[in-house]
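J.: Please see the structure below; I have some questions.
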C-alpha cells in the first residue's frame, strides 16, 4: 500500500502557514543581523574618534 497523495486542506494550510512564518522569521533575523552590524560599526567609529 502506497502513501496517500491526498493532503487534507487543513494540513496543507498549516504547512503553508508554517513555511511563511519560517520565511518571515529568517527575513527578520537577517534584518536584525544587518542592524546589529550597523550598530556595531557606529559603536566602533565612536570609540575610534575618541
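J.: Would you mind ranking 19, 6 by Cβ crowding within 10 Å, fewest neighbours first?
T.: 6, 19
J.: Would you calculate, for the chain, the mean residue ellipticity at 222 nm contributed by helices, counting each DSSP H stretch of 4 or more residues as -39,500 (n - 2.57) and dividing by all residues, to the nearest 500?
T.: -30500 deg cm²/dmol, from helical runs alone.
J.: Which of 30, 22, 40 ends up with the largest GNM mean-square fluctuation for the chain, with Cα atoms connected below 10 Å?
T.: With Cα springs under 10 Å in the chain, the top fluctuation among 30, 22, 40 is at 40.
Bear in mind these aren't lab numbers, they're just calculated from the coordinates by the rules spelled out. Everything numeric in this text was worked out from a predicted model, so none of it was measured. Neighbour counts run over all protein chains shown; Cβ positions are idealised from the backbone, glycine included.
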